[in-house]
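The structure appears below as structure tokens.
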Protein chains: 4
Amino acid sequence: MDNLREVRKIDHIRQTLALEDGPQDNGFSHVHLIHNALPALNVEEIDLSLSFLGKKVNSPLLINAITGGHQSVTEINRRLAQVAARKGLALAVGSQSAGLRNPELWSSYSVVRENHPDGVIIANVNADTTVTEALRAIEVIEADGIQVHLNVAQELAMKEGDRHFRDWIKRISDLVQHSPVPVIVKEVGFGISKEVAFELLDRGVTYIDVGGAGGTNFVSIELRRQSKENRGFESWGIPTAMTLGEVIWAYQQKGIPFHEGAVIATGGIRNGWEAAKALAMGATAFGMAGSILKRLLLSVVPSQEERLIPQSSDLNGRIEAVEDYIDDFEQELLQAMVLTGSQNLQDLHGKPCIFTGRVKEWFEQREIVIQRNR
Amino acid sequence: MDNLREVRKIDHIRQTLALEDGPQDNGFSHVHLIHNALPALNVEEIDLSLSFLGKKVNSPLLINAITGGHQSVTEINRRLAQVAARKGLALAVGSQSAGLRNPELWSSYSVVRENHPDGVIIANVNADTTVTEALRAIEVIEADGIQVHLNVAQELAMKEGDRHFRDWIKRISDLVQHSPVPVIVKEVGFGISKEVAFELLDRGVTYIDVGGAGGTNFVSIELRRQSKENRGFESWGIPTAMTLGEVIWAYQQKGIPFHEGAVIATGGIRNGWEAAKALAMGATAFGMAGSILKRLLLSVVPSQEERLIPQSSDLNGRIEAVEDYIDDFEQELLQAMVLTGSQNLQDLHGKPCIFTGRVKEWFEQREIVIQRNR
Amino acid sequence: MDNLREVRKIDHIRQTLALEDGPQDNGFSHVHLIHNALPALNVEEIDLSLSFLGKKVNSPLLINAITGGHQSVTEINRRLAQVAARKGLALAVGSQSAGLRNPELWSSYSVVRENHPDGVIIANVNADTTVTEALRAIEVIEADGIQVHLNVAQELAMKEGDRHFRDWIKRISDLVQHSPVPVIVKEVGFGISKEVAFELLDRGVTYIDVGGAGGTNFVSIELRRQSKENRGFESWGIPTAMTLGEVIWAYQQKGIPFHEGAVIATGGIRNGWEAAKALAMGATAFGMAGSILKRLLLSVVPSQEERLIPQSSDLNGRIEAVEDYIDDFEQELLQAMVLTGSQNLQDLHGKPCIFTGRVKEWFEQREIVIQRNR
Amino acid sequence: MDNLREVRKIDHIRQTLALEDGPQDNGFSHVHLIHNALPALNVEEIDLSLSFLGKKVNSPLLINAITGGHQSVTEINRRLAQVAARKGLALAVGSQSAGLRNPELWSSYSVVRENHPDGVIIANVNADTTVTEALRAIEVIEADGIQVHLNVAQELAMKEGDRHFRDWIKRISDLVQHSPVPVIVKEVGFGISKEVAFELLDRGVTYIDVGGAGGTNFVSIELRRQSKENRGFESWGIPTAMTLGEVIWAYQQKGIPFHEGAVIATGGIRNGWEAAKALAMGATAFGMAGSILKRLLLSVVPSQEERLIPQSSDLNGRIEAVEDYIDDFEQELLQAMVLTGSQNLQDLHGKPCIFTGRVKEWFEQREIVIQRNR
Ligand SMILES: Cc1cc2nc3c(=O)[nH]c(=O)nc-3n(C[C@H](O)[C@H](O)[C@H](O)COP(=O)(O)O)c2cc1C
Ligand SMILES: Cc1cc2nc3c(=O)[nH]c(=O)nc-3n(C[C@H](O)[C@H](O)[C@H](O)COP(=O)(O)O)c2cc1C
Ligand SMILES: Cc1cc2nc3c(=O)[nH]c(=O)nc-3n(C[C@H](O)[C@H](O)[C@H](O)COP(=O)(O)O)c2cc1C
Ligand SMILES: Cc1cc2nc3c(=O)[nH]c(=O)nc-3n(C[C@H](O)[C@H](O)[C@H](O)COP(=O)(O)O)c2cc1C
């Protein structure tokens, strides 16, 4: 019989498939790149690659933390790793707490390293993980970096959720000091304010995944698991475009230059045009989870009633759908780079980009001024 | 046979049940709290309580003035008092004018003190009540404070309404000087402008219940009693978020520190998320009336045609519905406090909070700048 | 057989009844009066009256220029004059050009003076009328003032319209110098810009009726007469709230104090709440035409196909509908005065009033700052 | 058998007829001309003509580049030239690349000069055309100017599109130096930013056709040819009102006076009211393509399935529809000139004109201030 934590993993996947993004939108419709009618470049010269966590990745698209910790999700992780390997992308595993509690489940994570032996693999733990546990989580998958996820809103929405947050910042500081690989602090969908970013940067964290609102919503997921709804609660959080501005501004205030800090934009990014806006604003990379999972599983998952996850054989045909999705995404990003006259990501970050409507109002009220490279 | 004033009490309840909030919205969708992904607290340490009118209440939720003055509403007041007692909340009675004119009706008010013997009970009179009358209103329910309600718009909408407002301010000044308990000046749903707030503060009033537009609408109620509609008239008034800014700004201009003045936010506050915004802006407490009454009476009131109020027995099951509603409310408020990293109400008041859209425009045009604690 | 000009008069009435206001709105939804919860006044002390064109009128509501110049509209003018007389209101006749060309038609205008012997009656001519003609127009109805209407947009929309506008300003200057009564320059629904207002004030004009967009639309009327539509053309013009700001600002720049200049707000003003906003902004009076005509004629006019105007007998019952409409209007205005704490119109003009949305943007872009009395 | 490039020409026409403008709107609903109630002019004095590319044209309406390069479109070009001749308008031919590759196709272009012998005819080449080729393109139609079209977005949307843009600017510089006639750099629907405008002006280009988003969308056209859709890609580009501001601002910064530089506004301009706004902002002329083509071909083109273009005989009746459309357009422009008090285009450019909503935000964020003549 599955224990509670393991069943929850499967419920999360089920609910992700059943839910739409939102209800807030990610804010990028109010961020505008400026068309360059005369880009001084040839398309084949464009370079989407970057150095990320010490290795080269082919593009700034990160397949973000999704799952692990249950035998039936091993197959999902294997497929994601195969895609990441074929495309040369970085990949994060889902929370490794289950593995830390039950070593029999480690294989559901290590499958990722087996299938993406030379790539960037990122460990994932929650914020009350001890240094010893975190080191174990890294070791098991030979991780190149470790994500610490912040998910207070999700915990509150869970009946069985954690209620103790006081020591999180201390745990993060400890991990920053003892981790052999970079620590990425990551929200799961409610954003990082400039105040929190300042605090993290003060503690020596240099990688922040903003994890803003507008995509997968873990309050909605947890409430639906209890057959509840709460419009106010589900609308909580800083939309991705806004939190990205908050975090970038904190980096700029601290004087951390673009190429040293890594700001990752995650949260409802759904096409290469939005990704390009995030990168132009100053993100180093961007992550996606929910929409990739939907490509992988939709149309093969059995009816909503059952808790089962599809068999390996069912997924054979789906890996191509995910690859097509990523191809489209990178294609759009490349087109956006051409159309802004950007030869590489550093270039893109220097291109004009403006804010209107709610995003402009947010930045004004929060006294955030995004400096561009030039 | 009921006299006019008494029948009106019952009509008000009927119309409240029949009407929706609005047509203006309360403005809080343009007030934004900022998510704190790393709150340095544990949930059990959070304290919703406050000292209010000299007693401790368990939360800043005030069950605001609703009824009294007719035998058939005694049962409603008894139930509200029972809820307030069980939850440790403050409670205001409805206007005591009927009682002042007909002492036989006092029991419909005093039932409140009987059922909430140690709690905060607030008397309620209209603005042309004499000091002697007001003292009597306080005495009858051993009130801890007295609300003077301002309801010019309602009076104008009534055929039989008052048309003399010149002496109200003088009456209030007199009461402030002679009342043994604090005087709360309270609008019933059209808001208090900064100009009026300045005038009240100059006269020594320190408690203001802003009573803004966006919830129960007494112009609509009075017009519907006459089978009339008037979009312009019903849209009159300062929405709650805006009037809250007006009054807080007046307090700040007068140099009254947060913990001394009591600004109560009432008017269409319908969930704990909105309440948290009001408290973060600087409200000491918030009030509700219409939505509580609906929880208590809807589904048990007989058909719209009759003027009867449900029997005591009908309400047995409803008291739980009201308690659940209040539980949800306090739960949401607590969640908002966690998610902004606020351990108590004083803390919440120091948290970042921004204004967009119509609220921002309003404050700019009215030259209102809300200072936060920090 | 009717001549062209006379048939047109009847077409105008027909089309007014068939058309809705707009397509632009008058802008007043972005003008906000501020609720005064403590008005220091009693309702019976409120005074809606003003001195207008040398006589006292009971309220600032002007029944603006509608018709005349055709036997079959005499009945309409008689009724309007009767209403004006009973209510003590000012009344303008429709354009007197027809009368100037055909003296047999004078009775369709003079009926107004007969039925409102002591009241304010305003003559109405177009902008290429000579001084001699204008003096005749005044004389025939013993007018207290004379409106010169500016209607370039309407002329352009008419096949048979005037195409010569160069001398209008000269004619107006001449009339200002020779007219025994004040000259009111009046747009018919496309507004007066600050530039035009400056020019008029420089020529000695002191009465301006802003006639903004948002109500009766004479481009729509003329196009429909030709069974045409043109969204761009019909959307031409400065909305009433904006043109009112333009003209008031010009008065203020010229240093003309409130009580000397007369700014009349006309154009889609449809209830007393809107009228109050116009008066608070600085209008001396406000005019209405289309909605009054609809009250008078709707439900009694025969089918759209015929060019006939209702017989006298048909109108017997309608005069009451017009009076009720005016009563409601004045009642709403009075309520707005109470709710802003204004004892008279001068007071109302000093009350806080703010601009949001498109009106705020307009004033900012046009560098218009409306000074209030205080 | 048609080659690829030639078939494409016909596909473009087909798709233009099938598609609507957009999805972005051209932005002109946020540009406002100010009504002049007292224009000091007579209609017959108004002059729509201008000197353009050394010749006099009757109005600033340019029939912009559409087609050529395929026998079956010769008829279209003949008709457009006949209209231009009758109306005294400038006319640009479609891209002459096909002709440069296959001289048999020259007649499909030269038909234009034959039918508009004394008028302004503009050659059209793409940005990688050599000077020699360009001189040939000019010669064949005895062109008065030559457009170099920039269409990066379109190339990217085509499977077979160009992917080399690095040398475009060099080619343009060369052409500017060697062309016997003025060079007009022209976007095809995605706009010219101020940065690109600066670069062009620095290279000696003085004619820019802004070609903004909001009308014919060549990304949509190319994607539909492949039965694809992509909301993000199709929403790319600077809307016409915005790009017009960008380019005019660049001219102003460079100190190029109004009468020397020629800024042409193209992109979804669909009536004379919008054209007037563009001209008031500072455009010298405005172009149209899609809507003219629709007038010419709609209702005569055979069913969507076939690749055929209508026979000459089918078009006999259509030329009148195009002329009526142009008449309406010029009529509206003339009306807008009267209503702003503008006697000629220079005048119109000095008239007040304001920006609201998204256009205002755009200009503020881009630090663009449009100086008016006065
Ligand atoms: C089914 C599912 C499970 C997830 N589990 C984790 C997790 O264990 N740890 C974590 O840091 N984030 C987790 N996430 C969050 C994602 O990494 C990502 O931050 C979030 O989904 C927002 O991205 P999206 O809008 O593209 O889905 C999960 C997301 C999904 C959809
Ligand atoms: C049925 C009913 C009766 C009320 N009677 C009074 C009253 O007697 N005195 C008073 O000050 N407010 C009275 N109120 C106003 C409320 O106290 C409160 O200010 C108002 O309803 C706005 O809050 P809400 O939007 O949460 O209902 C009454 C409200 C309701 C719904
Ligand atoms: C049928 C009709 C005829 C009108 N005739 C005249 C006229 O002859 N002279 C004039 O100055 N205004 C005339 N007007 C314009 C009105 O006086 C007024 O300026 C305009 O209708 C805007 O007000 P409203 O929106 O309240 O109708 C006429 C209006 C209507 C509806
Ligand atoms: C069918 C079609 C073909 C076009 N071909 C060309 C071309 O060959 N060269 C060019 O510079 N522009 C070309 N254009 C673009 C137009 O000149 C114009 O810039 C664009 O359509 C925007 O104007 P509109 O919105 O009024 O259509 C073409 C447009 C259409 C509709």
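Read-outs: derived from the displayed coordinates by stated rules, not from any lab. Since the structure is predicted, the reported quantities are computational estimates derived from the model, not experimental observations. So basically every Cβ, Gly included, is an ideal-geometry build from the backbone, and we count neighbours across all protein chains shown.
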- For the range C:314-374, run through the GluC sites (Glu not before Pro) and keep only the ones in DSSP coil with at most 14 other Cβ atoms within 10 Å of their Cβ. C:Glu367
- Query: Could you give the distance between the Cα centres of the range A:2-39 and the range B:191-226, to the whole Å?
  - Reply: 43
- GNM result for chain C, Cα springs below 10 Å: residue of C:Gly27, C:Gly161, C:Gly212 fluctuating most strongly: C:Gly161
- Item | Relative contact order of the range C:2-365, defined on C-alpha pairs under 8 angstrom at six or more residues apart (%) | 23
- Query: Comparing C:Val120, C:Val112, C:Val131, which has the greatest mean-square fluctuation in the GNM of chain C with Cα pairs linked when under 10 Å apart?
  - Reply: C:Val131
- Query: For chain B, what does -39500 (n - 2.57) per DSSP helix run (n ≥ 4), summed and divided by total residues, give at 222 nm, in deg cm²/dmol to the nearest 500?
  - Reply: -12500 deg cm²/dmol
- Query: Is there a simple number for the mean count of other chain Cβ atoms within 10 Å of the Cβ of residues in A:107-120, and what is it?
  - Reply: 0
- Query: Roughly how crowded by other chains is peptide B:38-48, in terms of the mean Cβ count from those chains within 10 Å of each of its Cβ atoms?
  - Reply: 5
- Item | Across the identical copies, how the A:Ile256 labels are spaced - nm, sorted shortest first, 7 Å along Cα→Cβ | 4.5, 4.5, 6.3
- Message: Ordered shortest first, which distances in nm separate the 7 Å Cα→C-beta label point of C:Ser227 from those of the other copies?
- Response: 4.5, 4.5, 6.3
- Item | Rg/Rh (Cα only; Kirkwood hydrodynamic radius) as it applies to the range B:137-181 | 1.06
- Message: Only sites in a loop by DSSP and with at most 11 other Cβ atoms within 10 Å count here; which GluC sites (Glu not before Pro) in the range A:129-187 make the cut?
- Response: A:Glu160
- Query: All other residues with a Cβ under 11 Å from the Cβ of A:Leu339 taken together, and with Lys, Arg as +1 and Asp, Glu as -1, what is their net charge?
  - Reply: -1
- Task: Starting from the Kirkwood radius over alpha-carbon pairs of the protein assembly as shown, derive D by Stokes-Einstein at 20 °C in a medium of 1.002 mPa s and give it in µm² s⁻¹.
- Result: 59
- Note on the structure: Among C:Gly255, C:Thr206, C:Trp168, the residue whose Cα sits farthest towards the positive end of the charge dipole of chain C (+1 at Cβ of Lys and Arg, -1 at Cβ of Asp and Glu, taken about the Cα centre) is C:Trp168
- Query: Charges only on Cβ, +1 for Lys and Arg, -1 for Asp and Glu: so what's the dipole of the range C:2-365 about the Cα centre, in debye to the nearest 20?
  - Reply: 520
- Would you mind computing the Rg to Rh ratio of the range A:2-365 from its alpha-carbon coordinates, Kirkwood style for Rh? 0.94
- Quick one: Cα centre-to-centre distance for the range D:130-179 and the range A:344-374, in angstrom? 34
- Note on the structure: Highest GNM mean-square fluctuation among B:Ser51, B:Ser59, B:Ser342, for chain B with Cα springs under 10 Å, belongs to B:Ser51
- Query: Evaluated at 4 °C with a viscosity of 1.567 mPa s, what Stokes-Einstein diffusion coefficient in µm²/s does the range C:96-207 have when Rh comes from the Kirkwood expression over alpha-carbon pairs?
  - Reply: 89
- Message: With the label 7 angstrom out along Cα to Cβ, how close does C:Gly317 come to the same site in each of the other copies, in nm, nearest first?
- Response: 5.1, 5.1, 7.2
- Going fewest to most other Cβ atoms within 10 Å around each Cβ, A:Met337, D:Met281, B:Met158 line up as B:Met158, D:Met281, A:Met337
- What is the calculated FRET efficiency for C:Glu160 to D:His259, with r their C-beta to C-beta distance and R₀ = 35 Å, to the nearest 0.05? 0.40
- Query: How well do other chains shield peptide C:360-372, expressed as the mean number of their Cβ atoms within 10 Å of each residue Cβ?
  - Reply: 2
- Item | Restricting the range C:202-254 to GluC sites (Glu not before Pro) in coil, as DSSP defines it, with at most 14 other Cβ within 10 Å | C:Glu229
